[in-house]
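Here is the structure we will look at, set down as structure tokens.
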């Protein structure tokens, strides 16, 4: 722990670990300013503060989640009759979801794992957002195996937590 007069700033990293944050970083942070005559070096004090912050819902993530769900509903309503992946993936709502970036990857993986959706429609977004494709050529076309490959990639990269 640093000198008592220094403000300690921590930020929740994507995989759930706490790292020392630099000023100006975006994301939720916890500033610990020692009170006069007290010691911030107490690890339990710091951990309690961190746990309390982690338990609070982040208003930005709630807004992001709501926007994602609205876009999913708009997209699903518009593409009900389509089965061509390229046509489905070019819908403006789908493109807006892709534009939201990596922070929606856990939401996409959540829909694939919990909501019994056609995961094939999400492969395009996953590949576009992640700039990767973990699906080997020999299983392309096998949606079940492609889903497994993407879920393994998501778990390895901290976007999916398999129970």
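The values are calculated or read from the model by the stated rules, or taken from the named source; none is laboratory data. These figures come from a predicted structure and were not determined experimentally. In this analysis, Cβ positions are derived from the backbone assuming ideal geometry, glycine residues included, and neighbour counts consider all displayed protein chains.
Side notes on the structure shown:
- Test: residue 139 is within 14 Å of the chain's Cα centre (by Cα) and either buried (at least 16 other Cβ atoms within 10 Å of the Cβ) or in the same structural domain as residue 152 (by TED's automatic domain parsing) (or both): no
- Qualifying residue in region 88-109 (condition: under 13 Å from residue 147 (Cα atoms), surrounded by 15 or more Cβ atoms within 10 Å (Cβ to Cβ), in contact (Cβ under 8 Å) with a residue 24 or more places away in the chain and in the same structural domain as residue 150 (by TED's automatic domain parsing)): yes
- If the condition is being assigned to a loop (DSSP other than H, G, I, E, B) and under 21 Å from residue 66 (Cα atoms), then region 119-161 contributes 119, 159, 160.
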